[in-house]
Amino acid sequence: MTSSICQFQYISIYSDDSSYHYNKYSYELFRLLRECPVDLIQMNDSIGYFETSFKLGLKNNIDLFAFPEQYMKLFGENAKDELIAYSRMFTKSEIKVFIIDPSLSDHSFYADLISQFDISYVHVVGNNPSVTTIYDANILFEDASDLIRLLQRDQDKIYSYLKNIDLEYDFSNLSINSEKLLFDQNPYHYSNITENNFFILNQIIGNNWLEPVNPDQNDERIYPKPDKRVDDIIAQVDTLDRFVTFFYEHNPQLLEGMASNPHYPTLVLVSPYVSILHSNIIKGKVKTKKERAASKLLLCEQNKSYSYTVDDEVGEILSRKEIAHLLLEVNTKLLYLDYISWLHARYNYSPVVRLPRISKSINAEVAFLNNSFPQNKSKNITIEKFGEKISSLILDDQIKGLIKERNGQIFIISDLPLEWMYIDGVPLCFTHDVCRVPEFNNNAIVNSVIAHKRQSFVITDDIIERTLVIHCASDSDKTMQEAFKAIDSFKKDYGFQSVNCKDINEIKDALEQYQPRLLIFDCHGTYDSKTEQCYLIIDDENGITLSGDDIVTNGISAPLIFISACSTMPPNGLTNLLTDAFMQAGALSVTATLLPLNIHDASVSIVRLLSKLRLKENSLFHCNWLQFISHVLRTGLFHEALRYEREHGNEIAIRMTHGDVAQLLSKTMIFHHRRNSIEELKKIISGRKDSPTFNVLKNDWMSYTIIGRADLIYFDNWLKQHNKYG
């Protein structure tokens, strides 16, 4: 989980403070990084590096640091010392690879800075001779293959340098897969949607580092036909999964006692969506007939073969050249999304499936989700309609089959709650462990990667003692006050901490006193549609709330956050999110809410979470936080359904013992038994003559959304067990 001296440290120096938001420099930066190696050990033996990472559950990724020009210039002659001091707070990397923004104001300053490092290389984005000539030509590289050539040239120098730092360092040969093993497993397809998997496979095989792709533009074999694009994606995912199966076959002990764990690495799903808010912004700029046609093109969607669907009216108003220019703009931003998605895939060599871009086709359903629902049935039917509609729009039958059958967790990049997708009548959040980050904030997508790279946070046995529940409500809110008492009645037996807070300062004081690793907010929440802001309500009577700005300013956070409050992340592509604020303040995973919650059921969910967290054996059953929290949520369906049936006189449910219930719930632990567990629950319900469907239930378990890479947050006990076999 820790970095090594032989890892490459990629240092981005850019001219303005836009960080990782889309711009020309960031676009080229991440395109380059996608092709680069991570570590000298990987160059020495890329397949062995993959095997070791897999067996030991290591989180290996690009070691990226970014510094705006004004920050570096501020330190003047001390820039090198400051850069080293900051980076060594997180890493031991000794090999520096600088990526330079060509629009920096003083390249001589950076050329001198780079020359002060013993082992360093530099790339100037754009390779403009008027800039590159300022830097030392001996360490300048044009692309990833050029960087590898320089590293191989300098291998004796690098070996001697690292050997002086660490006597155990013992790699001197930087040839990559010299026997060219498995090169035929990674064919190149000239297609945006398959490139991420091509470069992930390259990280294992190293084929592109030895034989860089220079496609012949006239070679029709590399251009997949629209109806074959999905075939290529499926073939790549199957190839990546075969590597994992191969290592399981040669290390069967890894499967011992871990039947409930995901078999394959996390699948990365990327689902671009132009939200209602951003559609309105684009349309609001329209003044002429031509601008209206251009706006339609900028909002255009893709079909399930990834072809753009363009209105006939657009073709009548805009020239072919204008259409091509606007589609290039759309495609470039999709490519940037692909580039930063690759960073997430790189952690566990995950396959990536980028889904078609959509906008207006789902907007009616999205808008309706933000209504208030007077009855449980109307809410549940609305969610189901959304889930069925979104599946029909973006899931090709092959991809639907892949997702349904693949025993792996899912990480989604999208502004839409794809955990509500229905596949063959069951929501994705029941059949799979699903976490997500919103798409719109590119900066947050990248920062989520960097946070996990720099923090080696694991969940230890004392997690329940490091859990703090913060209760917030007005004194006159009797329902909430009673709920607080009910939760606190378990404090002595379970061992967690709780505090009633009336303002932000009291919350800060509680965080300083208890230093929680899991922070639970138990309060009301609200969403202001005028300001597009979400708030936690601390004291409604006195108008005291907690906003995203308050969270960042006061550093209110913990590695794990669980919010038990209404509508803390409405499903409409908001840009001002509490989850972003918590993660900016230091959180790695935030469980938020898409819709309102029932106070009683929300309290029950907190107690169930705390109850399971205190049982240390759970840290062996569950490999990571995503698996644990998903299990807690999905089993909420069974607890609520059985409680409802008992209350309505269902004799089968009444006769069920704790052992019977436990046996039923245990089936939800095993991926391939989850659908069967739903069918068993339906049989129990059908024992009553006027048996209802699940739509009469509150189904609050579906109102939660897990934001951030919860799949990368491991239980310490599980890791120790896994490493023992690895």
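Where residues in the range 274-283 are over 30 Å from V434 (Cα atoms) and touching a Ser or Thr at 6+ places or on another chain (Cβ under 9 Å), which of them is surrounded by the most Cβ atoms within 10 Å (Cβ to Cβ)?
Taking the candidates together, the pick is I282.
Here are G525, G548, G543: which of them is farther than 25 Å from Q409 by Cα and free of Cβ contacts under 8 Å to residues at least 12 places away in the same chain? So that I can check it myself, show each step before the final result.
Details: G525 fails: free of Cβ contacts under 8 Å to residues at least 12 places away in the same chain; G548 fails: free of Cβ contacts under 8 Å to residues at least 12 places away in the same chain.
From the options G525, G548, G543, the qualifying one is G543.
What do you reckon, is E651 crowded, with 21+ Cβ neighbours inside 10 Å and without any contact (Cβ under 8 Å) to a residue 60 or more places away in the chain?
On the way: crowded, with 21+ Cβ neighbours inside 10 Å: no; without any contact (Cβ under 8 Å) to a residue 60 or more places away in the chain: yes.
Answer is no for this residue.
Give the residue that is surrounded by the fewest Cβ atoms within 10 Å (Cβ to Cβ), with candidates limited to residues of the range 321-374 that are farther than 30 Å from D63 by Cβ and in contact with a Lys or Arg (Cβ under 7 Å, 6 or more places away or on another chain). Let's see the steps before the verdict.
Start the filter on the range 321-374 by keeping residues that are farther than 30 Å from D63 by Cβ, which leaves 321-330, 356-374.
Within this subset, residues satisfying the condition of being in contact with a Lys or Arg (Cβ under 7 Å, 6 or more places away or on another chain) are 356, 362, 365, 373.
Details: P356: 20, I362: 20, E365: 19, F373: 16.
It comes out as F373.
Condition check: under 21 Å from H432 (Cβ atoms) and modelled with pLDDT of 95 or more. Does S271 satisfy that?
Considered against the rule, which asks whether it is under 21 Å from H432 (Cβ atoms) and modelled with pLDDT of 95 or more, S271 comes out as yes.
Could you check A451 against (1) open to solvent by less than 40 Å² (accessible area, probe 1.4 Å); (2) more than 30 Å from I670 (Cβ to Cβ); (3) modelled with pLDDT of 95 or more and say which number it fails?
Unmet condition: (3).
Looking at (1) open to solvent by less than 10 Å² (accessible area, probe 1.4 Å); (2) more than 20 Å from the chain's Cα centre (by Cα), which one does K491 not meet, given that it meets all the others?
(1)
Among K92, K73, which is the only one that is modelled with pLDDT under 90, within 16 Å of I13 (Cα to Cα) and of a type in the set (K, R)?
Result of the check over K92, K73: K73.
Could you list all residues from the range 574-607 that are without any contact (Cβ under 8 Å) to a residue 60 or more places away in the chain and farther than 27 Å from S448 by Cβ?
Passing the criteria: only V604.
Per-residue answers, yes or no, for (1) modelled with pLDDT under 95; (2) over 30 Å from K92 (Cβ atoms); (3) open to solvent by 60 Å² or more (accessible area, probe 1.4 Å); (4) out of contact with any strand residue (DSSP E or B) (no Cβ under 7 Å at 6 or more places or on another chain):
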position	(1), (2), (3), (4)
R466	no, no, yes, no
D475	no, yes, yes, yes
T479	no, yes, yes, yes
A483	no, yes, no, yes
G495	no, yes, no, yes
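Look at I684 and say whether it is more than 36 Å from the chain's Cα centre (by Cα) and open to solvent by 50 Å² or more (accessible area, probe 1.4 Å).
Judged against the criteria, I684 is not a match.
Please determine, by comparing only the residues of the range 92-112 that are of a type in the set (D, E, K, R) and either part of a helix (DSSP H, G or I) or touching a Lys or Arg at 6+ places or on another chain (Cβ under 8 Å) (or both), which one is farthest from L29 (Cα to Cα).
D112
Within the bounds of the range 256-270, is there any residue that is more than 28 Å from L712 (Cα to Cα) and open to solvent by 50 Å² or more (accessible area, probe 1.4 Å)?
no
Could you grab me the full set of residues in the range 625-645 that are open to solvent by less than 20 Å² (accessible area, probe 1.4 Å) and basic (K, R)?
R634
For the range 648-726, which helices (runs of 4 or more DSSP H) that fit wholly inside it have 2 or more residues that are of a type in the set (A, V, I, L, M) and touching an Asp or Glu at 6+ places or on another chain (Cβ under 9 Å)?
Counting at least 2 such residues, we get 651-655, 674-685.
Take the residues in the range 26-52 that are surrounded by fewer than 22 Cβ atoms within 10 Å (Cβ to Cβ) and polar (S, T, N, Q); name whichever of them is farthest from S350 (Cα to Cα).
Result: N44.
Can we say D154 is more than 30 Å from S350 (Cβ to Cβ), touching a residue at least 12 places away in the same chain (Cβ under 8 Å) and surrounded by fewer than 18 Cβ atoms within 10 Å (Cβ to Cβ)?
Numbers: more than 30 Å from S350 (Cβ to Cβ): yes; touching a residue at least 12 places away in the same chain (Cβ under 8 Å): yes; surrounded by fewer than 18 Cβ atoms within 10 Å (Cβ to Cβ): yes.
Yes; evaluated as a whole, the condition is true for this residue.
Among the residues of the range 164-180, is there at least one that is of a type in the set (A, V, I, L, M), open to solvent by less than 10 Å² (accessible area, probe 1.4 Å) and in contact (Cβ under 8 Å) with a residue 12 or more places away in the chain? Please lay out each step first, then the result.
The first filter runs over the range 164-180 and keeps only residues of a type in the set (A, V, I, L, M), leaving 165, 167, 174, 176.
Keeping just the survivors that are open to solvent by less than 10 Å² (accessible area, probe 1.4 Å) gives 174, 176.
Then keep just the ones that are in contact (Cβ under 8 Å) with a residue 12 or more places away in the chain; that gives 174, 176.
Yes, there is a match, as at least one residue in the range 164-180 is of a type in the set (A, V, I, L, M), open to solvent by less than 10 Å² (accessible area, probe 1.4 Å) and in contact (Cβ under 8 Å) with a residue 12 or more places away in the chain.
The values are calculated or read from the model by the stated rules, or taken from the named source; none is laboratory data. Since the structure is predicted, the reported quantities are computational estimates derived from the model, not experimental observations. Here the Cβ is made from the backbone with ideal geometry for all residues, glycine too, and neighbour counts use every protein chain on show. Only protein heavy atoms, including side chains, enter the accessible area calculation; ligands, DNA and RNA are left aside. Shrake-Rupley method; radii C 1.70, N 1.55, O 1.52, S 1.80 Å.
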